[in-house]
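Heads up, the thing below is written out as structure tokens.
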Amino acid sequence: MSQPVRTHLFAPLKLGALPLQHRIVLNSPRALQHGRPSPSRKPPSESLDGALVIYAVAEAHCAEGRHLVTQGISNAGEVNGWLRATQAVHDRGGMVVARIGGCPVPAGIALNADQVDLALDAYRSAAENAHDAGFDGIELAAMAGTLPEQLYRQWADVPAAVPAALTECPVATEFLCDALRTLLAAWPPDRVGACMTLPATAAGLRRHHALLPAVVAGELAYLHLHSAGSGHATYCKPFTASVRLHYRGPLIVTGVWTPQLAATAVRSGRIDAVGVCSEGVARADELAATWRAQLGVHG
């Protein structure tokens with residue numbers, strides 16, 4: 001007899017070296033609201049035994065169009081602040097991953113070679129500091145607005161670009177490969193993930209097909225597709241199925257989920273875990289208990 005749909009959501013899952021006791025992943029982007037890190041604030045107790053919490057902890061961005069700097073985990077004070085946050089998660093039996101990057105480059109600014117090198121230095125510094133801050137792993141941010149995605153758009157917008165360039169995208173692919181190598185120099189691959197935007201259009205899917213080979217080649221712990229919108233019942237299935245053609249490893253999709261949709265998506269095998277943005281979620285154990293009750297899962 002097949003296992004009931006509702007129970008798969010609470011089955012164990014291993015993301016590389018990160019063993020989860022269930023398939024609910026929490027995203028906490030509050031540390032980078034308005035580009036101002038705040039790890040010194042009292043950390044939320046938003047984990048439960050075996051849960052994974054993903055914090056956005058660092059950003060690489062342009063300052064006056066000339067320099068790239070890192071914020072969020074770049075000095076001893078910030079590292080110590082994050083150490084308190086990660087310890088709070090560990091004290092409740094959870095694990096915590098640092099998402100590296102995420103702040104958009106100002107519109108109209110094209111990065112030169114020196115700025116790209118500075119961006120990679122920022123990734124390296126943040127990845128190394130994440131060790132000292134007590135994180136269990138790191139995640140490269142390659143969603144909309146981040147450097148890999150914006151480099152893709154810059155390349156695609158070049159007037160002389162031919163159709164082939166829209167799928168090959170050597171500039172963005174090279175940067176993504178370099179960024180992954182930078183993170184993998186500081187962390188083992190079974191503790192490194194990558195976060196990309198969940199594609200909702202054919203153009204978005206084309207970008208993924210251009211960048212996914214670089215992610216797959218890194219043999220990472222997992223791939224994370226992120227969306228702030230709803231509509232998983234309609235577009236999660238076809239687009240994640242297409243991503244699956246290129247990536248066979250553990251797949252997380254973050255967005256607006258109901259317990260029923262989450263349980264069905266995990267049971268179908270389209271995805272391995274659901275991500276929930278933790279704004280407004282005071283306690284993950286309360287969230288999990290609510291979902292269990294709504295799905296009729298006991299124990």
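Check whether at least one residue in segment 58-65 is modelled with pLDDT of 60 or more and out of contact with any Asp or Glu (no Cβ under 6 Å at 6 or more places or on another chain), and report yes or no. Break it down into steps so the answer makes sense when it comes.
To start, the set of residues in segment 58-65 that are modelled with pLDDT of 60 or more comprises 58.
Filter once more, keeping what is out of contact with any Asp or Glu (no Cβ under 6 Å at 6 or more places or on another chain): 58.
Yes - at least one qualifying residue is present in segment 58-65.
Just one of GLU149, GLU139, GLU168 is within 15 Å of the chain's Cα centre (by Cα) and modelled with pLDDT under 75; which is it? Don't jump to the end; show me each part of the working.
Numbers: GLU139 fails: modelled with pLDDT under 75; GLU168 fails: within 15 Å of the chain's Cα centre (by Cα).
Testing whether each residue is within 15 Å of the chain's Cα centre (by Cα) and modelled with pLDDT under 75 leaves just GLU149.
The values are calculated or read from the model by the stated rules, or taken from the named source; none is laboratory data. Model, not experiment: these values are computed from the prediction. Methodologically, a virtual Cβ is constructed for each residue, glycine included, from the backbone with ideal geometry; neighbour enumeration extends over all protein chains shown.
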